[in-house]
Amino acid sequence: MRQLIYLVLTLCLVASAMGQEMETRVFVLNARPAESTAEMIRPMLSPNGKVFPETRLNKLVVRDTPEVLAEVESLLKEIDVHAPQVRIFVNMNGVAQSNGSVVAVGVGGTNRNVVVSGTAGVNSTSGSMQSEQNLVVMSGEKGVIHFGRDLVTIGPYVQFANGMGLLPAGVAVQTVGTGFAVEPVIVGDVVRLKVTPWMSFQGANGVSEVMVNEASTSLAVPSGQTVQISSGGYSEQIRNQSFGLIFGSARRTGSSSARVTLRPEIMNY
């Protein structure tokens, strides 16, 4: 009886060992990065299973049982596909107006000769700005809408330019960039957009950037429709007067406004 029990247990162990036969397979990835994909399938492996990402060739080397390898292959067929892309059109509109007036009286002369002269004038200016750019971003990835300008600033790190005689002492030109980071995710015919204000600048320690995550905004925009993400402006009024009209007075008013709109379009191939 003991011999029979021993034989049955031995056969069970042999069958179990045969059922756990390990194999090695190489999976070629077409769209997904090998390293992040390896992290995704690692929980699927058996206790003795292993996965090795080959990042140079974008492949996965997996060693496990045939059953687990079949499950990995089935999963990769579902997830290893190219994500759809979104073309985002960015439109910027701006309007600036300025109005001014000047009135002045002058008195001069010698002895009994007195000369009185006066000036008066009115000026008005207006202008507008419109520009459009576009960028292509893969669903789930991040793109940057960038605006930039050069500012003349006073700083201590201009030795090279000053030594070459390119700039006056104490003056440097730094690049300051502002814009938005956009992260689109396609859900059917709708593009879910996460928009985050972004700024970069050249400082004493090199180039730095700031992502204002606290001001992030999430939007759901149907493909092809336009949404406004930013608007603002300012107005000013300045008046100078010196002794009434004896010496003169001046007045100036101005205003400026701008807005930024986005139009995401799902790209179909």
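The values are calculated or read from the model by the stated rules, or taken from the named source; none is laboratory data. Since the model is a prediction, treat every value here as computed from it, not as a measurement. Every residue, glycine among them, receives a Cβ derived from its backbone with ideal geometry; neighbour counts consider all protein chains shown. Heads up: the accessible areas ignore ligands, DNA and RNA and are worked out on the full protein's heavy atoms, side chains in. Shrake-Rupley method; radii C 1.70, N 1.55, O 1.52, S 1.80 Å.
Quick one: count up the residues across the stretch 47-89 that are open to solvent by 30 Å² or more (accessible area, probe 1.4 Å) and either part of a strand (DSSP E or B) or of a type in the set (S, T, N, Q) (or both). Total satisfying the criteria: 14.
The listed residues are VAL51, VAL86, and the only one of them that is under 33 Å from the mean Cα position of the chain (by Cα) and at pLDDT 85 or above turns out to be VAL86.
Is it the case that the stretch 15-35 has a residue that's within 52 Å of the chain's Cα centre (by Cα), more than 12 Å from ASP80 (Cβ to Cβ), modelled with pLDDT of 90 or more and assigned to a helix (DSSP H, G or I)? Checked the stretch 15-35: at least one residue is within 52 Å of the chain's Cα centre (by Cα), more than 12 Å from ASP80 (Cβ to Cβ), modelled with pLDDT of 90 or more and assigned to a helix (DSSP H, G or I).
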